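The values are calculated or read from the model by the stated rules, or taken from the named source; none is laboratory data. Computed from a predicted model, the values in this text were never measured in an experiment. Here the Cβ positions follow ideal geometry from the backbone for every residue, glycine too, while neighbour counts run over all protein chains shown.
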Amino acid sequence: MLNINQLNLLGWQSFFQQQLDIDEWYNSVPVRVVEQHRNRLVVDSGSDTFQLPLTEKVSQCVVGDWLLLNEKHDVNRVFERKSYFARRAAGSKLEKQAITANVDVAFVLCSLNDDFSLNRIERYLALVNEAGCEPVVMLTKADLANDGLEKREQVQNLSSMLRVEVIDCHDVTLVNQLSDWLKPQTSIVLLGSSGVGKSTLSNTLAQTQQKTIAIREQDSKGRHTTSGRYLLKLASGAVLIDTPGMRELQLSDVTAGLEQTFSEIEALASSCKFVNCSHSNEPKCAIQQAINDGSLTERRFLNYQKLRKENQFNTASLRERRAHDKSLTKMYKRVQSQAVKFKKLKE
């Protein structure tokens with residue numbers, strides 16, 4: 001029978017419990033993926049941690065996923081996900097790369113030094129909003145900057161509903177400052193570029209000693225050794241998922257997330273005189289009027305256009321790739337089937 005108290009420490013919620021039938025309740029073992037490696041997964045049942053080979057059944061699993069095992073630790077199935085983060089793979093690869101799953105809150109880290117970028121924050125917000133999670137922007141390295149409140153206001157102006165915190169990742173009192181989110185059964189993911197303080201924040205909240213390297217003066221970036229995704233249990237009862245710094249975050253399949261992130265622009269566009277308004281030089285364009293009266297910055301509108309085009313291109317490209325791969329798979333199966341029939345005829 002399930003030990004709910006132990007599972008709760010891993011972020012177990014009623015969403016997953018409702019997916020179990022009576023037999024599974026008594027004869028199966030739910031586990032959560034806490035580490036992901038090239039050829040194996042590390043999973044935790046609450047009472048034990050062990051490794052699973054990366055078979056076809058779990059090949060698409062990521063840190064945060066819940067699996068249902070039998071008593072021999074064979075995988076019966078993967079639980080339906082509550083949320084899912086993915087991006088287009090970095091570089092020229094035409095494929096989607098999973099980041100994490102089953103997250104409730106996303107801490108989007110951006111340092112107050114040269115890394116600070118409203119455009120990049122909006123990019124991450126589109127990803128988080130698409131996943132249906134609560135975004136919290138963490139402006140880090142407050143101990144090295146004197147304009148934290150000014151930049152906090154800039155980020156807050158993106159949305160009155162957005163929570164923004166200015167933090168020093170080394171501060172041991174952060175547990176109190178971030179208590180609104182560090183609640184039992186809450187799963188939190190850390191997102192951000194390399195060197196913004198994710199590992200340091202993880203160390204502080206979990207009171208662990210993951211290796212970090214001091215900030216480099218010449219480019220204001222820190223260096224750390226996070227090379228994979230992993231899940232940590234916190235004393236508060238929440239769980240924390242750390243991820244490697246992303247040098248590139250290409251958006252794909254985040255149309256709803258973009259609409260939510262730039263909701264005021266979507267509303268303005270619907271008020272334009274012409275349905276097919278390009279928002280450039282048409283008369284009575286609500287967006288251009290907003291830019292002129294200062295209620296919408298040109299920077300924000302241009303970034304909206306850029307991210308929207310990027311999302312449309314990547315979404316279409318990946319859809320074509322998936323259709324092509326599906327067609328190839330069907331062809332291979334047909335050829336194999338014909339080969340088997342031909343062999344039988346020869347016999």
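How many of the residues in the range 62-110 are over 23 Å from residue 131 (Cβ atoms) and surrounded by 22 or more Cβ atoms within 10 Å (Cβ to Cβ)?
0
Just give me the residues in the range 1-32 being within 20 Å of residue 232 (Cα to Cα), out of contact with any Leu (no Cβ under 6 Å at 6 or more places or on another chain) and either of a type outside the set (Phe, Trp, Tyr) or not in a helix (DSSP H, G or I) (or both), in sequence order.
3, 4, 5, 6, 7, 8, 9, 10, 11, 12, 13
Check whether at least one residue in the range 63-71 is closer than 25 Å to residue 104 by Cβ, part of a strand (DSSP E or B), charged (D, E, K, R) and modelled with pLDDT of 95 or more, and report yes or no.
From the range 63-71, those closer than 25 Å to residue 104 by Cβ are 63-69; that's our starting set.
Cutting the leftovers down to part of a strand (DSSP E or B) gives us 66-69.
Pick out the ones that are also charged (D, E, K, R) and you get none.
Looking for residues that are closer than 25 Å to residue 104 by Cβ, part of a strand (DSSP E or B), charged (D, E, K, R) and modelled with pLDDT of 95 or more, one finds none in the range 63-71, hence no.
Would you be able to tell me the number of residues in the range 1-32 that are surrounded by fewer than 16 Cβ atoms within 10 Å (Cβ to Cβ) and not small (Gly, Ala, Ser)?
Taking the range 1-32 first, the residues surrounded by fewer than 16 Cβ atoms within 10 Å (Cβ to Cβ) are 1, 3-6, 8, 14-15, 17-23, 25-27.
Keeping just the survivors that are not small (Gly, Ala, Ser) gives 1, 3-6, 8, 15, 17-23, 25-27.
Final tally of qualifying residues: 17.
Is there any pair with a first residue in the range 130-157 that is in a helix (DSSP H, G or I) and a second that is of a type in the set (Phe, Trp, Tyr) whose Cβ atoms are under 7 Å apart and which are 6 or more apart or on different chains, and what are they?
Sorted first by the residue in the range 130-157, then by its partner, the pairs are 131/84; 131/85; 151/116.
Need the failing condition index for residue 119 against (1) at pLDDT below 95; (2) within 17 Å of residue 249 (Cβ to Cβ); (3) surrounded by fewer than 17 Cβ atoms within 10 Å (Cβ to Cβ); (4) of a type outside the set (A, V, I, L, M), just the number.
Residue 119 satisfies every listed condition except (1).
What is the one condition in (1) assigned to a loop (DSSP other than H, G, I, E, B); (2) over 21 Å from residue 116 (Cα atoms) that residue 170 does not satisfy?
Result: residue 170 fails condition (2) only.
Please go through the range 22-49 and pick out each residue that is within 21 Å of residue 60 (Cβ to Cβ) and out of contact with any strand residue (DSSP E or B) (no Cβ under 9 Å at 6 or more places or on another chain).
The answer is 38, and nothing else.
Modelled with pLDDT of 95 or more, in the same structural domain as residue 188 (by TED's automatic domain parsing) and under 20 Å from residue 85 (Cα atoms) - does that describe any residue in the range 213-231?
Scanning the range 213-231 turns up at least one residue that is modelled with pLDDT of 95 or more, in the same structural domain as residue 188 (by TED's automatic domain parsing) and under 20 Å from residue 85 (Cα atoms).
Take residue 247 and decide whether it is over 28 Å from residue 188 (Cβ atoms), at pLDDT below 90 and either of a type in the set (Ser, Thr, Tyr) or not in a strand (DSSP E or B) (or both).
Numbers: over 28 Å from residue 188 (Cβ atoms): no; at pLDDT below 90: yes; either of a type in the set (Ser, Thr, Tyr) or not in a strand (DSSP E or B) (or both): yes.
So residue 247 fails the test.
Considering only residues that are of a type in the set (A, V, I, L, M, F, W, C) and not in a loop (DSSP other than H, G, I, E, B), look in the range 173-183 and name the one that is surrounded by the fewest Cβ atoms within 10 Å (Cβ to Cβ). Working first, answer last.
Just the residues of the range 173-183 that are of a type in the set (A, V, I, L, M, F, W, C), to begin with: 174-175, 178, 181-182.
Of the ones still in play, those that are also not in a loop (DSSP other than H, G, I, E, B) are 174-175.
Details: 174: 18, 175: 15.
Residue satisfying both the conditions and the ranking: 175.
Whether any residue in the range 184-199 is buried (at least 20 other Cβ atoms within 10 Å of the Cβ), among the hydrophobic types (A, V, I, L, M, F, W, C) and in a loop (DSSP other than H, G, I, E, B) is what I want to check.
Yes, the conditions are met somewhere in the range 184-199.
What is the number of the single condition among (1) more than 16 Å from the chain's Cα centre (by Cα); (2) over 23 Å from residue 240 (Cα atoms); (3) touching a residue at least 12 places away in the same chain (Cβ under 8 Å) that residue 78 does not meet?
The one condition residue 78 does not meet is (2).
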